[in-house]
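Asks: Dropping a structure here in structure tokens format, bear with me for questions.
The values are calculated or read from the model by the stated rules, or taken from the named source; none is laboratory data. Every value quoted in this text rests on a predicted model; they were computed, and no experiment measured them. Cβ atoms come from the backbone with ideal geometry, glycine included; neighbour counts cover every protein chain shown.
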Amino acid sequence: ALLVLIEPRPTGGQPEMIGYLWNLAANRIREKVADAPPSYLRESRAVSAERVRVTGELVEQYATSLDILLATLRSTQLDDAAARVAAIDLAAKTLVGLKTVDDRTNSIVEEPVASAFTRLRDDLRPLTTLSGVDLQFVEPPKNGRALPGEVAHAARAIVRGLALAMMEQEDIQRIRVQWDCDGENLLINVRDDARGGIDPSAAALDRLVRRVEALNGLIEIEVMGGWGTEVAVRLPLDAPPSDAADIAEWSLGGREFEVLQLLAAGQRNRAISQALGISENTVKFHVRNLFKKMGVGSRAQAVALAHSHGVASST
């Protein structure tokens, strides 16, 4: 914290003095960070990650609420007066929810799978009323392993996105949502009864695919003409271990380490995408994160630094 007290009347040299004090404090902060023990840096990164997660959940809830609000106002099942009353009620409840979600999510490091599923069902309940689509929920085992906060949040966002995409089909009547947990992964299955009108390459689904890949998960989309669409998602509950102990200070995730290995082998983004079964945009995302974590500005610098730290080229 930096506190500067100055005279209220303008005098010469004040901006220069304030700038000098600011730079003095900033340089001291940089020195403290450079000399900080690993435990301090881990805690700092954890706080930053939690802040990003909470912000992401607020954005997702805000976007979902707007989608449902628009669906309410466009609903052919309600007249203008009923739609207005429903929209006002939804907006009021959403405001209350947005004001309380920050405290709730900040306190959650892990979330029981059953309560995470209940929150998902509560989020989607307005769609059942307004769209006329029958949303069926198959409960996960109540004694299933607790979900890490980022997995629970991502799982809800993925199912919400799939449900909204499926409801765009004209001939849809039913969506079935199921969660299960095998002790190592959260297993998600979403299926509709439309005639297979989902486009797997649509932008909305591509965003969901990237979200699954960011958690080192797998997603399979099967479009069955005349029968509907089935989406299966597997999200690992544990981050994959890194094989390189001497690069622990970079705090690389499992997928980032795989990308780094392929970079060290001289592979370009398209080849990395094909080798790992992920999109080129996801590869670019991981490469940008690698540059930040390694403190480099180019692929050549990243490769040289990786080799100097004993990272073997992936074959």
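Asks: Among the numbered criteria (1) under 26 Å from E139 (Cβ atoms); (2) over 20 Å from the mean Cα position of the chain (by Cα); (3) assigned to a strand (DSSP E or B), which single criterion is violated by G183?
Replies: Condition (3) is where G183 drops out.
Asks: Out of the residues in the stretch 140-167 that are within 23 Å of the chain's Cα centre (by Cα) and in a loop (DSSP other than H, G, I, E, B), state the one that is modelled with the highest pLDDT. Step through it out loud before you land on a result.
Replies: Of all residues in the stretch 140-167, those within 23 Å of the chain's Cα centre (by Cα) come to 140, 144-167.
Retained after the next criterion (residues that are in a loop (DSSP other than H, G, I, E, B)): 140, 144-146, 167.
Values: P140: 90, G144: 79, R145: 81, A146: 85, M167: 86.
By that ranking, first place goes to P140.
Asks: In the stretch 61-88, what count of residues is obtained for those that are among the acidic types (D, E) and over 21 Å from R119 (Cβ atoms)? Give the steps one after another, and end with the answer.
Replies: Looking only at the stretch 61-88, we keep the residues that are among the acidic types (D, E), and these are 67, 79-80.
After this cut, where a residue has to be over 21 Å from R119 (Cβ atoms) as well, the list is 79-80.
Total satisfying the criteria: 2.
Asks: Any residue at all in the stretch 55-78 that's acidic (D, E), in contact with a helix residue (DSSP H, G or I) (Cβ under 8 Å, 6 or more places away or on another chain), modelled with pLDDT under 85 and within 17 Å of W179 (Cβ to Cβ)?
Replies: Start the filter on the stretch 55-78 by keeping residues that are acidic (D, E), which leaves 57, 60, 67.
Still in the running and in contact with a helix residue (DSSP H, G or I) (Cβ under 8 Å, 6 or more places away or on another chain): 57, 60, 67.
With the extra rule that they be modelled with pLDDT under 85, the set shrinks to 57, 60, 67.
Cutting the leftovers down to within 17 Å of W179 (Cβ to Cβ) gives us none.
No, because not a single residue in the stretch 55-78 is acidic (D, E), in contact with a helix residue (DSSP H, G or I) (Cβ under 8 Å, 6 or more places away or on another chain), modelled with pLDDT under 85 and within 17 Å of W179 (Cβ to Cβ).
Asks: Here are Q274, Q301, Q267: which of them is at pLDDT below 85, within 26 Å of I219 (Cβ to Cβ) and not aliphatic (A, V, I, L, M)? Can you show your working first?
Replies: Working: Q274 fails: at pLDDT below 85; Q301 fails: within 26 Å of I219 (Cβ to Cβ).
After ruling out the rest, the residue left standing is Q267.
Residue-wise test of (1) at pLDDT 90 or above; (2) of a type in the set (D, E, K, R).
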site: E111; (1), (2): no, yes
site: D123; (1), (2): no, yes
site: S131; (1), (2): no, no
site: R174; (1), (2): yes, yes
site: L187; (1), (2): yes, no
site: D192; (1), (2): yes, yes
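Asks: Please find, among A248, A232, A302, the residue that is part of a helix (DSSP H, G or I), of a type in the set (A, V, I, L, M) and surrounded by fewer than 18 Cβ atoms within 10 Å (Cβ to Cβ). First the steps, then the outcome.
Replies: Working: A232 fails: part of a helix (DSSP H, G or I); A302 fails: surrounded by fewer than 18 Cβ atoms within 10 Å (Cβ to Cβ).
Going through A248, A232, A302 in turn, the sole match is A248.
Asks: Can you confirm whether A194 is surrounded by 15 or more Cβ atoms within 10 Å (Cβ to Cβ), small (G, A, S) and outside the structural domain of L135 (by TED's automatic domain parsing)?
Replies: Numbers: surrounded by 15 or more Cβ atoms within 10 Å (Cβ to Cβ): yes; small (G, A, S): yes; outside the structural domain of L135 (by TED's automatic domain parsing): no.
No, not satisfied.
Asks: V151 - would you say it is assigned by TED's automatic domain parsing to the domain that holds E222, buried (at least 19 other Cβ atoms within 10 Å of the Cβ), closer than 16 Å to T64 by Cα and not basic (K, R)? Quick ask: steps written out before the conclusion?
Replies: Values: assigned by TED's automatic domain parsing to the domain that holds E222: yes; buried (at least 19 other Cβ atoms within 10 Å of the Cβ): yes; closer than 16 Å to T64 by Cα: no; not basic (K, R): yes.
No: the conditions fail for V151.
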